[in-house]
Each structure stands twice: as structure tokens, then as C-alpha cells.
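All remarks here apply to the structure that follows.
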Amino acid sequence: MEKYIGKLLDNRYEILQVIGTGGMAVVYKALCHRLNRLVAVKILKDEFSKDEEFRKRLHAESHAIAMLSHPNIVAVYDVSRSNSIEYIVMELMDGMTLKQYMDRKGILSWKEALHFVTQILKALSHAHSKGIIHRDIKPHNIMLLRDGSLKVTDFGIARFTAAQGTLSKEALGSVHYISPEQAKGSNIDARTDIYSVGVVLYEMLTGRLPYEGDTPVSIAIQHINSMPLTPRELNPDIPKALEAITMKAMNPSLKQRYASAEEMLNELEEFRKNPNIQIEYERTPATVNSDSEPTKPVGIKLSSNGGLDDTDDLNDADNKNKRKLNIPLIVGVITGLVFVSGVITLMLTLFGAGGSMPDITTPYLVGLNFEDVTADEKYKDFRIVEDSREYSNVYDKGEIISQRPKEGRAVKPGSEIHVVISEGPKTIMLKDLTNMTEKQARIEVENRLGLKLSVEYETSDDILEGYVIRSEPDKDSELQEGDTVTVFVSKGKEVKTVKVPKLIGKTREEALRDIENAGLLIGSEKTIESDLEAGRVISQSIDENSEVGEKTKISIEVSSGTGKTEIPADNKPAGDSKNNPPDTGTPTGGQTGGTESGLARKTIPIKLPSTTGDLTVVVKANGKVVYNKVHKSSEKTVNVTIEGKGETDIEVYINNILFNEITVTF
């Protein structure tokens, strides 16, 4: 089948390489040129693509399957035909089949098996709700991705293989998981998939299949006539409740099996919450007709004259290589036995019971629309009674969720069947979340409404920081349980940053202009005695080139031009750089003296700024507070006496603002 590599189907899908081969088709990795993505393209083998009836049925079924949308089902993108090539385009999976994983690992832990089987059942629940039965559930048709999630593939394909009337070598894989009713050629429903899921679960837990044989037919007959060892007989570590769930799913009797994937999911969830839960199930003996009275298991082999013999030994070692079983003939014989049994039962009912009318069996109504059922002549012998209505994420509004009595029960004509009807998914009305805090919105969405919350942040000129600006979807939207609501929370106004200009050395007027031009605001101004030219800026509250928010206030100090601000580094009276004596009243002079401890003492005059109110003066010597008092601004000058030795760093704070830094030598 490598003849397709390099071909371009429908001028869109470029075939790159073979990634798998099955009984009906070959799967290729391909590139979709229209969407520029990798896909899987399944091309039918020639013997199938030439059958016109087969192609029509495949297209009808595949288009229905393409409507499925579930995280545990491989998506079907396209179904098409190009130059007599029939193909299906699907999601490309990065992983391995569950069968490959099981072959590598052997027996899985019960927790891992529970994780996997739950995902398989969720996929089937979705498909069954759309009226689609898989028919070929097996580990080979389940993909395991790298994140531990599963995706079920090949929905509905098995019916086409069966329609061909052949049982190829690929059937050997499928027949290990086949249900008894499927093996007998009987009508099937969703419970057939449940049986196959039970076999998959059995294999995960025990590391082996329930039935083995040399031919597909011998295995199929065991499904009809035999009973496997229980999982705990093979692996005692399996919890009893999980064994019960497995055997209930594999029950050959349709009546004793789970009625739906949802029912089995519910029981698995109860087990997950409490692994010690008690779960009851009937280990129904296998029979030719699994829903009738038990009979002795029957084996079938060819006699020397080509006829059929009953035997308890299907796989006689001396003769097994000489025999070839005719599958259609065997299925016909089994079906004939079932038919004869039914005729005998009917005759006994009609003539052995005084000619009274026979009982009738209840139909399977789950998943059907209630109004359609009540209007259908097929169900005229029953009274379909509505018991209640419930919300459901599985069944559409108006569909039947459950019935009482269950399908297959013998009842008199005119009997009532009580049903529970779906209201569809529960709708939740979203209230207005704007102007709530993020915490309030989380409580409302997650705790009160049972929804999921996602939070994003953005700036807002109108909504305070930490409050909700808007939500998606908006208020009054109808949501379903598990949906996600995204709230957009304010980060406050957008802050534009600017660089602080250099102001020191500039005239007061130049500094004020530069502050405004930079998008900043003028803060306070102080006039400080300095030997710099009068009117020049001698300090700025924020260093030049600092990144600050727009409209930040910048304060400046301007020189008065009347003196110096430094204290000299010796004990002589302070002067300027030319050794001129200081002006009277400057805070740069001071008296010096000695102490008994040997420390020198110096009095430093601190000139208080011209302002109103109280001023807290704090002086630190080498980082240690040596003076802390409150003064009136009217005092103008404060004399602070400090003791020290050698060079001492002095810091003067006024109202917690660093007012001056000097170094004094004692």
C-alpha cells in the first residue's frame, strides 16, 4: 500500500508515510495543505473500496461518526473519495495503542485500570447518546496519549466487516472481546459495547484474556457457552468491588449486564469514592441463549463425513490440524437452536397453559425520545408512563434516561413502563460579576454556581484595582455545569513611566520647566543656604534618570547664595574652600571639648527650615541615634552636642526626611 506515498488526495492531503495497517484499511500520516496540519488518513483496501454498497454504508456511518465531539474520541475531520480511493481523515495521535501499553507493562494496577476504563466509558456514553454503537471495543482501537488520556477510534467500522460475511485473521483480535449476542448474530445495542469494555477491564487487571483458543470460532463459542475465572482468582490484589463491576459488565445475560455506559460509570465512581463498597452481581451460568434457562456447555466440531458433532472437547489435539470450521454454518446451527427453543417455548405457552395469551417482553427505551416512543405503533402494547424529569449531560432534552421495568422483562400486554425523561443539561444563569472583588467573583462562580473560573488582568481608568471589569460570557448567559467563566480584573490605571531629568545646577526656572516637560509635577521648594549661586538647584527629591510614573511630584532645594552647608573636617571654625570664616548663624560651626571617657565632644548647630508646625529632629552618629527631640520651627537653630573619636558620619533627619549628611573629625 506504499503506492500512495507522495500522492496528493483532492489537491489537499499529501500522503507522507504508513503508520498502521488493519483488516480493512491502511493508515497514513499526511499533511493537510489547506490548514497546514498533520492528520491521519485511513485509505480502504481495494477489495472494500470496489464494493459500491459497502462504500455507501461507510459514508453514511462515517458522516454520523464525524458528528461526535468528545475529548476521549478521535475526531473525524473528513470522509471523501479521490480517483476511486475511499478515505477517512482523522485526528493524528501522538502515542501508542492501549494494547501496546498492556503488552509492555503486563498487569496494570487497579487504580490505573480504573483511570483508563472510566475514559473509555465516557467516550461510549457520548456515542451511545447519539445512537452510535462501536461494535469493536478492544485495546487495539484505543489510543493512549503521552498525558495519560485515552481516545477511542474506529467507531461503527465493525458493522461493515461483519457485513462482508468473512472472519479474517484480524478477527482473531476482535473475537477475544466479542459479546455473546454479537457472536450469535443477534440484534445488538449499547450493552454489546459494555461487555467488550468488561473484557478490556478484565485483561488490564489480570494480564490475560478471559478466553483463549486456536481459532476465532472456538473463542467466540466460549463467549457463548463458558464462564471465565474471576479476576481475583488470577490476581488476589484486585478489590472485590472492582471484580464485581468487571464481571457484571461481562455478564452473558443482557438482563444482568449494565444497561448503559452511564450506569457502569456511576458504579465505578461509587467504587472510586469507597473501594470497600459492596457491589452485588449475579454470576449467570453461560448458555446457548444467555437470557434463557442454563444448559450444558456445547462444543462443536466437524465429523468425518462433514457433519456437526456435539463434543466437550473442541480442541482435540490429535485432530485439530485436520479440521476447518465453517463459520457461517456454525452461526446458522446456533441460531437454529435458539429458534427451535423459541418455537417450543411459544407452543407450550399457547397450548400448555389453557390457550391464554403469552407474556410480552419490555423493549429497550433508554436514549429514545419520549414523544416519539408514545407515538410509535411499535410500542402500542405498553403504556409508557412519565415518572419524573432530571437534568442530564448525556441525554438530550426529551430522551429517556432510565426505565422500569428494564428491557427484556416478561409482562402482560397493556403493562406500564415507567420512564425518567431528560431535561437536557442543567442551565445556570450567570449573574452580573462587574464591580465584585476577585475573591467575591470566585466564590460566586465556583462555590455557588458550580462553574469554573479563569482570571485575566488588564488596566482600567474607571474600575479600581482588584475589581472585576467584565466577564465572558456576560451576565444573564445560560451556562452548563462545568463551563468556564473568564473574569477580567482591573490592574488600575495604566501607569506610563518617564525618566527624571537632571535638575541640580540648573536655575530654578529651568528646573521647573524641565519637570513639566517630562510630564512630572512640581512638588515642594526649599531655599537652602549655600555658597552656590543664588537661585541654582542644589538638590532634587528623586535622582536623575530614575524611572517614575507620569505626574510624580519632584521637590527641589534652591541655593540662597548666603553660605556653606559643610562642616569642616578639623576643629577650626568653618569656612569656605578659600578658608573664609562662616557667616553668623550657619549650622556648620561648633564648640569642641573632651570627656572623662576620653571621647571628644563637639556641638553642631542645626538650622531648622522655615515652615510652620512642629519639627522632629533626629541625629545619627555612625548609624546610631544620638539625638531625637521635637522642636518648634520658630526656634530656627538647634545646637546638638555629639561625642566621638576620629571621623564620624553624621546624618540629620527632620520629620523623617534626610536633611543633611556630614563627616566630623573629633
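The numbers here are math on the coordinates, done by the rules we state, and not lab data. Everything numeric in this text was worked out from a predicted model, so none of it was measured. Ideal geometry is used to build each Cβ from the backbone, glycine not excepted, and the neighbour counts take in all protein chains shown.
Observations, loosely collected:
- Ranked Asp432, Asp136, criterion: other C-beta atoms within 10 Å, fewest first: Asp432, Asp136
- The alpha-carbon of Lys493 sits under 18 angstrom from the alpha-carbons of these lysines, leaving out residues fewer than 8 places away in its chain: Lys551, Lys553.
- Whole-Hz couplings from phi, Karplus 6.51/-1.76/1.60, listed for region 75-89; x for Gly and Pro: 6, 9, 8, 7, 10, 8, 9, 9, 6, 6, 8, 8, 8, 10, 9
- Sequence ranges 420-430, 248-258, ranked by mean other-Cβ count within 10 angstrom, highest first: 248-258, 420-430
- Only Cα pairs under 8 Å and 6+ residues apart enter the sum, and on that basis the relative contact order of region 592-665 stands at 31 percent.
- Region 68-126 shape via C-alpha gyration tensor axes, a/c threshold 1.5: oblate
- Region 497-512 - phi-based ³J(HN,Hα) in whole Hz, Karplus 6.51/-1.76/1.60, Gly and Pro as x: 8, 9, 8, 6, x, 7, 10, 4, x, 8, 5, 3, 5, 5, 5, 5
- Computed over the alpha-carbon pairs of region 360-422, the distance histogram in 10 Å steps reads 25, 57, 17, 1 percent, short to long.
- Cβ-based exposure ranking for Ile245, Ile277, in which fewest neighbours within 10 Å come first: Ile277, Ile245
- Relative contact order of region 360-422, defined on C-alpha pairs under 8 angstrom at six or more residues apart (%): 50 percent
- Working ranking of peptides 615-621, 112-118, 31-37 by packing, defined as the average number of other Cβ atoms within 10 Å per residue, highest first, is 112-118, 615-621, 31-37.
- Too-long pairs where the Cα-Cα distance tops 32 Å, listed order kept, from Lys56/Lys248; Lys3/Lys138; Lys151/Lys431: Lys56/Lys248; Lys151/Lys431
- The C-alpha atoms of region 427-490 occupy a region whose extents along the principal axes are 35, 18, 15 Å, arranged from largest to smallest.
- Taking the Cα centre of region 2-91 as origin and assigning +1 to Lys and Arg Cβ atoms and -1 to Asp and Glu Cβ atoms, the resulting dipole is close to 220 debye.
- Highest mean packing first, where packing is the average number of other Cβ atoms within 10 Å per residue, the peptides 124-131, 454-461, 10-17 line up as 124-131, 10-17, 454-461.
- Close amide H pairs (under 5 Å, H built 1.01 Å from N) link Ile19 with Val27, Tyr28, Lys29, residues at least 5 positions away or on another chain.
- Karplus-derived HN-Hα couplings along region 227-239 (A = 6.51, B = -1.76, C = 1.60, θ = phi - 60°), whole Hz, x at Gly and Pro: 10, x, 4, 6, x, 6, 5, 9, 9, x, 6, 6, x
- Prolate/oblate/rounded label for region 95-289 (Cα gyration tensor, a/c 1.5): rounded
- Placed amide H near Thr486: partners under 5 Å, 5+ positions off or other chain: Ser454, Glu472
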